[in-house]
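One structure is given below, encoded as structure tokens.
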Amino acid sequence: MRHLATIVVALLAATGGLFPPFPTAIGADIAVAPTGVTIPKGYRNWQVVAPSQRDDKDEIRVILGNNIAMKALRAKQLPFPDGAILAKLAWRRVKSAEFDKTFVPGEPQRIEFMEKNAKKYAATGGWGFGRFVNGVPADDKEHGTCWPCHEANVKGNDFVFTRYAP
């Protein structure tokens, strides 16, 4: 895992950030998930919380955090304060053409956001979930899969899977 983290961080640094296919929220073109979560303006400039990979989906992922989330993560503050937002960017994992023992991001799969608002999202542990594919929000059924998984697996970490990798 440490090797994957090094590769992803080096790749992000080398490309000056994240890859262009992921959308950004601009003006009136703001996409809204059924939960009310939107693609936050400027998310591509957020700091890296940690990389991860998911073998069953053949994906490489990078989790980003806004300033509120990063401050809480560094302080090991749970629960996260309102206003914390985490972004998950997922790419299809492909073999590197330059280095045989390495996987690199291929086609973008989706972006997902977790937005902390204890009052607004009280029914889902204080978190609102937003999943977007090519800038378009997923439907209600797909959004309905987020909370049960977080509730079942990471209740003790304020329903957040990713741990900060300093």
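Tabulated values for the structure
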{"quantity": "All positions within segment 96-122 that are buried (at least 20 other Cβ atoms within 10 Å of the Cβ) and charged (D, E, K, R)", "calculated": "Glu112, Glu115, Lys116"}
{"quantity": "Selected residue (criterion: nearest to the chain's Cα centre (by Cα)) from residues of segment 73-107 that are closer than 27 Å to Glu59 by Cα and of a type in the set (Gly, Ala, Ser)", "calculated": "Ala87"}
{"quantity": "Meets criteria (part of a strand (DSSP E or B), within 14 Å of the chain's Cα centre (by Cα) and modelled with pLDDT of 95 or more) for Ala50", "calculated": "yes"}
{"quantity": "Any hit, segment 117-136, residues being within 16 Å of Pro51 (Cβ to Cβ), at pLDDT 95 or above and either of a type outside the set (S, T, N, Q) or more than 17 Å from the chain's Cα centre (by Cα) (or both)", "calculated": "no"}
{"quantity": "Total residues in segment 147-157, condition in a loop (DSSP other than H, G, I, E, B) and either in contact with a helix residue (DSSP H, G or I) (Cβ under 9 Å, 6 or more places away or on another chain) or exposed (fewer than 12 other Cβ atoms within 10 Å of the Cβ) (or both)", "calculated": "0"}
{"quantity": "Check on Asn67, among the polar types (S, T, N, Q), within 15 Å of the chain's Cα centre (by Cα) and either modelled with pLDDT of 95 or more or surrounded by 15 or more Cβ atoms within 10 Å (Cβ to Cβ) (or both)", "calculated": "yes"}
{"quantity": "Members of segment 95-146 found to be closer than 17 Å to Phe161 by Cβ, among the polar types (S, T, N, Q) and assigned to a loop (DSSP other than H, G, I, E, B), listed by number", "calculated": "Thr145"}
{"quantity": "Failed item, numbered, when Ile111 is tested on (1) β-branched (Val, Ile, Thr); (2) more than 16 Å from the chain's Cα centre (by Cα); (3) under 19 Å from Trp46 (Cα atoms)", "calculated": "(2)"}
{"quantity": "Qualifying position, being under 17 Å from Ala165 (Cβ atoms), among the charged types (D, E, K, R) and not in a strand (DSSP E or B), among Arg74, Arg61, Arg44", "calculated": "Arg74"}
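The values are calculated or read from the model by the stated rules, or taken from the named source; none is laboratory data. Please read all numbers here as calculations on a predicted model, not as lab measurements. Using ideal geometry, Cβ is built from the backbone for each residue, glycine included, and neighbour counts are taken over all protein chains shown.
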